[in-house]
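Only one structure is covered here, and it is reproduced in the block below.
The values are calculated or read from the model by the stated rules, or taken from the named source; none is laboratory data. Given the structure is predicted, the values throughout are model-derived calculations rather than measurements. Because the Cβ atoms are built from the backbone with ideal geometry, glycine has one as well, and the counts that use them run over all protein chains shown. SASA here: full protein model, heavy atoms, side chains in, ligands and nucleic acids out. Shrake-Rupley method; radii C 1.70, N 1.55, O 1.52, S 1.80 Å.
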Amino acid sequence: MKKFLLVLMSLMMLALAVGCGGGEKKTAEQPKVLKVGTEPTFAPFEFQEKDSKDFVGFDMDLIRAVGKQLNMKVEVQNMGFDALIPALNAGNIDVAVAGMSITPDRQKAVDMSDPYYVSGLTIVVNKDNNAVKGLKDLEGKGIAVQIGTTGAEKAGSVKGAKVKTFNTNAEVFLELKNKGVDAVIIDKPVAEYYLVKGGKDTAKLVGETMEAESYGMSLKKGSPLTAQINKALSDLKKNGEYDKIYEKWFGSKAPAEKK
Ligand code: ARG
């Protein structure tokens with residue numbers, strides 16, 4: 001009987017030890033979650049794979065590389081572009097990665113990381129439109145834009161323009177195709193990608209690139225993650241990982257002035 005009790009007790013202790021050990025191991029190995037918000041109609045920076053609906057693109061690869069660097073598990077959420085900053089401030093997401101241009105207004109509302117891509121705005125019109133050659137020609141015309149973007153702001157500055165805002169860029173480009181507007185104002189690399197992916201059958205770019213804008217990742221004001229993300233971005237630029245991601249999405253080496 002005594003022997004039996006002894007065996008039982010040691011078995012129980014063993015179970016306890018294994019249980020605890022397992023538990024500890026789990027917390028030590030499980031990376032913390034980095035909650036990322038994006039608006040995925042902005043290829044090649046963020047879009048969803050047709051079938052799997054996976055979030056892909058330059059921004060998505062970059063934030064996953066940052067996550068790896070910080071030993072954090074990246075989880076991406078889809079939201080409206082104009083919902084990103086409110087979601088940061090409400091604490092629903094840790095970081096917004098959405099081709100978001102660094103602007104003084106945004107810097108008042110949130111912390112923005114160091115720039116990771118230099119961009120600019122452009123005008124897209126239908127192929128058969130020969131009247132629009134630049135911003136000036138858009139006075140009094142219809143312009144489609146995505147809500148809350150710098151393109152929307154630019155369109156709003158055009159005298160007498162009838163600006164139509166949409167939640168997604170899919171709708172923005174469709175409106176142009178359907179001739180509901182004369183033009184679209186959008187980030188140049190996104191317009192170029194749209195043309196390459198079939199848009200060139202009906203649309204073209206016109207005019208000069210407007211505004212030099214740099215993309216940054218946004219975080220809640222005072223977030224301790226901002227410094228960590230900046231460090232990770234700088235490491236990725238140094239160790240060649242940034243260049244690899246750049247080449248994957250843009251098909252050419254990252255020129256120094258784009259980083
Ligand atoms: N760069 C522009 C801005 O900051 C447009 C960004 C749109 N991004 C997106 N994921 N839809 O306003």
Quiz prompt | Test: residue in the range 233-246 that is hydroxyl-bearing (Ser, Thr, Tyr) and closer than 16 Å to Gly142 by Cβ | solution = no
Quiz item: Out of all the residues in the range 165-191, which are more than 21 Å from Glu211 (Cα to Cα) and open to solvent by 60 Å² or more (accessible area, probe 1.4 Å)?
Solution: Asn167, Ala170, Glu171, Leu174, Lys177, Asn178, Lys179
Quiz item: Are any residues in the range 67-97 more than 13 Å from the ligand (Cβ to nearest atom) and out of contact with any strand residue (DSSP E or B) (no Cβ under 8 Å at 6 or more places or on another chain), and if so, which ones?
Solution: Lys68, Gln69, Pro86, Asn89, Ala90, Gly91
Quiz prompt | Selection within the range 29-64 - of a type in the set (Ser, Thr, Tyr) and under 22 Å from Gly91 (Cα atoms) | solution = Thr38
Quiz item: Just checking, how many residues over the range 211-245 are among the polar types (S, T, N, Q), over 30 Å from Leu135 (Cβ atoms) and either within 17 Å of the chain's Cα centre (by Cα) or open to solvent by less than 70 Å² (accessible area, probe 1.4 Å) (or both)?
Solution: 4
Exercise. Taking the residues in the range 135-157 that are under 17 Å from Gly120 (Cβ atoms), more than 10 Å from the ligand (Cβ to nearest atom) and free of Cβ contacts under 8 Å to residues at least 40 places away in the same chain as candidates, determine which candidate is farthest from the chain's Cα centre (by Cα).
Key: Ser157
Practice problem: May I ask you to say which residue of Gly37, Gly57, Gly80, Gly67 is more than 9 Å from the chain's Cα centre (by Cα), surrounded by 18 or more Cβ atoms within 10 Å (Cβ to Cβ) and at pLDDT 95 or above? | Solution: Gly67
Quiz item: If the Cβ limit is 6 Å and pairs must be 6+ apart or interchain, which residue in the range 96-116 that is open to solvent by 10 Å² or more (accessible area, probe 1.4 Å) pairs with which residue that is more than 10 Å from the ligand (Cβ to nearest atom) and among the basic types (Lys, Arg)?
Solution: Asp111/Lys221
Quiz item: Looking at this structure, is Lys197 open to solvent by 80 Å² or more (accessible area, probe 1.4 Å) and over 21 Å from the mean Cα position of the chain (by Cα)?
Solution: no
